[in-house]
Every structure is written in C-alpha cells, then in structure tokens.
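Below: the structure, in structure tokens.
Bear in mind that the values in this text are calculations on the coordinates, not laboratory data. Owing to the predicted nature of the structure, the values given are computational and were not obtained by experimental measurement. In this analysis, Cβ positions are derived from the backbone assuming ideal geometry, glycine residues included, and neighbour counts consider all displayed protein chains.
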Amino acid sequence: MRRKLIALLVIGLVTSMLAGCIFIEKDSLTLGSRNNTESIILSHVMGQLIEDQTDIDVIYKENLGGSNVVWNAMLNGLIDVIPDYTGTIVVNYYHEEPGTAEETLELTKRLVDEDGIIAFNTFGFNNTYTLALDEAKAEELGVKTFSDFAKYSEDFILGAVFEFIDRPDGLPGFQKEYGLKFKDVKGMDHGIMYRSIGAKEVDVINSYTTDGQLQDYDLRVLEDDKSYFPPYHALPLVRKETLEIYPEIEEVLKKLEGMINEEAMQKMNAKVDNDGMMVETVAHDFLVESGLIEEKK
C-alpha cells in the first residue's frame, strides 16, 4: 500500500512538472490599433507575419480609440507595436511642419527615435484626407477640386469623424486654407459617414483615399489642389525596448516595406466593411497572396 502511494505521488509530481512545461507562457508582444478597420487590418498583417516567422505570441489590443489614445499607450509602454501614419505623427503628435513624402518620413523617424520608438519604412500607400460627395451633384456643379467646392460649401452639410473635426491637421486648418463654410458640421463615427450620405442626412463627407466603402457609393473624391494635407504614409512603429528583447521582428517587419499600395488597402478595407469578412481572414489572405507566408494545409 505504501509503495502504491509513493508511486502515485511520483506520477503526480512528474505529471505536474510536465504540465508546467506545457503551459509555460511563450514570449509575447502586444500589438495595438485604432478604432477603424484599416488600423486593425494592418495590426493583423504585422501580427500574423510575426507569429508565422518567429516563436513570439502576439496579443492584439484592438479598437483602443483615436490616434492620440493609441500613441499615448505606445509612449507609456502599454503596447509594443502599432501601425501609424507619417503626417499624423509629424503634425498631430509633434506639431512640426511636414514636407515631401520622403522628408516627412525622415522627420518621423527622427522625432519618434527621441521617444524610444523605431519607425520603419512605409507599407507603400498614402491614406490622406479628402472630401467625397454625390457624383451627380459634383458633375452638375462642375466640382473636381477643394477650391471648386469652396464656392458652394455653404449649401452643404459636412459629415466628419470626431477626430478630424478637432485635429490641428484636420478641419480647422482645412477650412481656413480653402475658405470653406459649411451649412452644418455633424460629428460621427467613421462607419456611419457612408450610411449618412447614402441616406441624404449629410451632403459631403471627409473620407480617406483608401476607404473600402468608396467602392459601394457613387461618390466623387475631390482633389486637394493646394496640397494642404501632408503625406499620410502608413508604417510600422516598434518600441526600442521591444526590439532589444525580440530583435528578430526587425527583419520580419522590413518584409512589409512597399508591399501595400492604395488599391490593395482599399480592397482589404472593402472586404471587411462591405463584405463582412473577418479581419483575421483578410490579413491572412493578403499575406498568402503576397507570398509572405505559406497557406497552411
């Protein structure tokens, strides 16, 4: 009886030790994203590539809020990796003057480096602000540019995301540059804007050039003929401390340089926003189609 008890104790001890080995937590890092489709897709593109090519687990923190919320979480070490945009970083976070796309990228790298963050080269697309209105109305008025639209803006109700209304590189400076005066400005979430213009609740919206929903609505995207808005090229950002712990992710993220153009990003956004596909699936399909990962069988 005593031998059986000892044997059971030994078996229990070994099982416990094995269980400890099995459930030891893997190395992990946290990927953050804003509360919009594109940011979440980009975080999953980066995260899935990291998990595919390293032994690191990725923890996703999605829908954290607007750009400033996510940026402060990054500065405070609450998240390790994020996608962001050059113009947003230079103008909105650091209140500096942007230049050309190349100048804005280099300035981005210098600015974030002082705060312990590494900015990689861009994914390859520029997602800038624009205005979009009904195609038939734009044709009737002969409106193609922001300057054209300024002549009629007093008759239009603008639907805009809350962040655009408040940001220094958003509505206040934009209105001043072009002399825009709207009949009314309605703040709303990004996903509601297109439904609102489709229902005639607003007449014009502040869209983004990579919005997937542009494919589902007959809207004319206007040209920023004075180049008011800075370049907003998307790129990965990583905390220096994270790179010191996991230096292997540098080479992984570099593989995404120049891999996503405006058309590709717009299509990915559309698959989520218009077709109801899961973000994880859209990101995975992109990585497979781009040859960055292999389809698992």
Restricting to region 36-72, name every residue that is over 15 Å from the mean Cα position of the chain (by Cα) and in contact (Cβ under 8 Å) with a residue 24 or more places away in the chain.
48, 49, 50, 52, 53, 54, 55, 56, 57, 58, 59
Can you pull out the residues in region 229-249 that are more than 21 Å from the chain's Cα centre (by Cα) and either under 18 Å from residue 123 (Cα atoms) or not aliphatic (A, V, I, L, M) (or both)?
241, 244, 246, 247, 248
Could you list all residues from region 146-171 that are among the basic types (Lys, Arg) and buried (at least 17 other Cβ atoms within 10 Å of the Cβ)?
167
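If only one of 270, 283, 234 is under 30 Å from residue 144 (Cβ atoms), of a type outside the set (Phe, Trp, Tyr) and surrounded by 21 or more Cβ atoms within 10 Å (Cβ to Cβ), which one is it? Show your work before the answer.
Details: 270 fails: surrounded by 21 or more Cβ atoms within 10 Å (Cβ to Cβ); 283 fails: under 30 Å from residue 144 (Cβ atoms).
Only one candidate passes the filter, namely 234.
Out of the residues in region 183-223 meeting the condition of being assigned to a loop (DSSP other than H, G, I, E, B) and surrounded by fewer than 15 Cβ atoms within 10 Å (Cβ to Cβ), tell me which one is farthest from the chain's Cα centre (by Cα). So that I can check it myself, show each step before the final result.
First, the residues of region 183-223 that are assigned to a loop (DSSP other than H, G, I, E, B): 183, 189, 199-203, 209-211, 216-218, 222.
Still in the running and surrounded by fewer than 15 Cβ atoms within 10 Å (Cβ to Cβ): 183, 189, 199-201, 216, 218.
On the way: 183: 31, 189: 15, 199: 27, 200: 28, 201: 27, 216: 21, 218: 25 Å.
This residue is 183.
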Test for residue 255: is it of a type in the set (D, E, K, R), touching a strand residue (DSSP E or B) at 6+ places or on another chain (Cβ under 9 Å) and touching a residue at least 12 places away in the same chain (Cβ under 8 Å):
no
Conditions (1) free of Cβ contacts under 8 Å to residues at least 12 places away in the same chain; (2) more than 30 Å from residue 54 (Cβ to Cβ); (3) of a type outside the set (Val, Ile, Thr) -> residue 189 fails only (1)
Identify, from the list 196, 207, 153, the residue that is hydroxyl-bearing (Ser, Thr, Tyr) and either under 21 Å from residue 234 (Cβ atoms) or in contact with an Asp or Glu (Cβ under 8 Å, 6 or more places away or on another chain) (or both).
207
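The rows are residues; the columns are (1) closer than 15 Å to residue 222 by Cβ; (2) charged (D, E, K, R); (3) touching a His at 6+ places or on another chain (Cβ under 7 Å).
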{"site": "108", "(1), (2), (3)": "no, no, no"}
{"site": "114", "(1), (2), (3)": "no, yes, no"}
{"site": "120", "(1), (2), (3)": "no, no, no"}
{"site": "152", "(1), (2), (3)": "yes, no, no"}
{"site": "169", "(1), (2), (3)": "no, yes, no"}
{"site": "177", "(1), (2), (3)": "yes, yes, no"}
{"site": "207", "(1), (2), (3)": "yes, no, no"}
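How many residues, within region 243-254, are surrounded by 15 or more Cβ atoms within 10 Å (Cβ to Cβ) and not in a helix (DSSP H, G or I)?
Our first condition is that a residue be surrounded by 15 or more Cβ atoms within 10 Å (Cβ to Cβ); within region 243-254, this holds for 243, 246, 249, 252-253.
Next, only the ones that are not in a helix (DSSP H, G or I) stay: 246.
Qualifying residue count, region 243-254: 1.
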